[in-house]
Every structure is written in C-alpha cells, then in structure tokens.
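Any read-out appearing in this document is the output of simple, stated calculations on the displayed coordinates, not a laboratory observation. The structure displayed is predicted, hence computed values, not measured ones. Every residue, glycine among them, receives a Cβ derived from its backbone with ideal geometry; neighbour counts consider all protein chains shown.
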C-alpha cells in the first residue's frame, strides 16, 4: 500500500491523526498529477469544486464534484490529475479500525471535540 504522504508529499499533508483516524488535506493546481498511491476506506470532503481524472490498471475515470460534497471512498489504488481550471482542495478522513463504543453513562467518556 503506497501512502500518499510518501508518494506525493507536496500535495498531501496530515491535518489530524489519532489512533482511530487520519485526516489528510489534498491541494493541487490545474495540471498537477499524483504518483500511484492508495487510500483505505475513507470519507472524502470537498472544500473546492474540482475536475480530476483517476487512473488504475489501464482504466481511467473522470470525476467532477462541487464544493461541500461528502462522499464515501472505498479502499483503492490510483494515480490522478487535475484536468480542471481550478485548484483542488479536499480532505480525506481515513478509517484506521472499527469504532470503539463508549458508554456516556460511565462519566469518563469525553464530550465535544478533542
């Protein structure tokens, strides 16, 4: 599994990480391309509208999304390119493992963001 932080450090950065999730920030400009990399199951949040072409195994697919979309992204490998006229800004919330259920009645579960 090729980590996008290792393959494309100029485009991906870690915005947040703990033992349950890692949040990546992706930012590129028109014409920028990524090297092949992989993503685990993730939630993708588009901070800007974008047009991209994704490539894997001889297949290509064009993706066009508006700003403010929240989408599920199945685990996958691909390379991509910005084929639009605008910068791409997207966040990926990568899931590390299954959720741990905490009881709010125990009194020790955190409230609010941490």
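Taking the criterion of being within 12 Å of the chain's Cα centre (by Cα), loosely packed, with under 14 Cβ neighbours inside 10 Å and over 15 Å from residue 90 (Cβ atoms), would at least one residue in the stretch 22-34 satisfy it? No: the stretch 22-34 contains no residue that is within 12 Å of the chain's Cα centre (by Cα), loosely packed, with under 14 Cβ neighbours inside 10 Å and over 15 Å from residue 90 (Cβ atoms). Residue 75 falls short on exactly one of the conditions (1) touching a strand residue (DSSP E or B) at 6+ places or on another chain (Cβ under 6 Å); (2) closer than 15 Å to residue 95 by Cβ, and that condition is (1).
Just so you know, in the stretch 35-55 the residues that are out of contact with any helix residue (DSSP H, G or I) (no Cβ under 8 Å at 6 or more places or on another chain), assigned to a strand (DSSP E or B) and touching a residue at least 40 places away in the same chain (Cβ under 8 Å) include one that is nearest to residue 95 (Cα to Cα), and it is 42.
Please determine, by comparing only the residues of the stretch 56-84 that are part of a strand (DSSP E or B) and in contact (Cβ under 8 Å) with a residue 40 or more places away in the chain, which one is surrounded by the fewest Cβ atoms within 10 Å (Cβ to Cβ). Among those that are part of a strand (DSSP E or B) and in contact (Cβ under 8 Å) with a residue 40 or more places away in the chain, it is 77.
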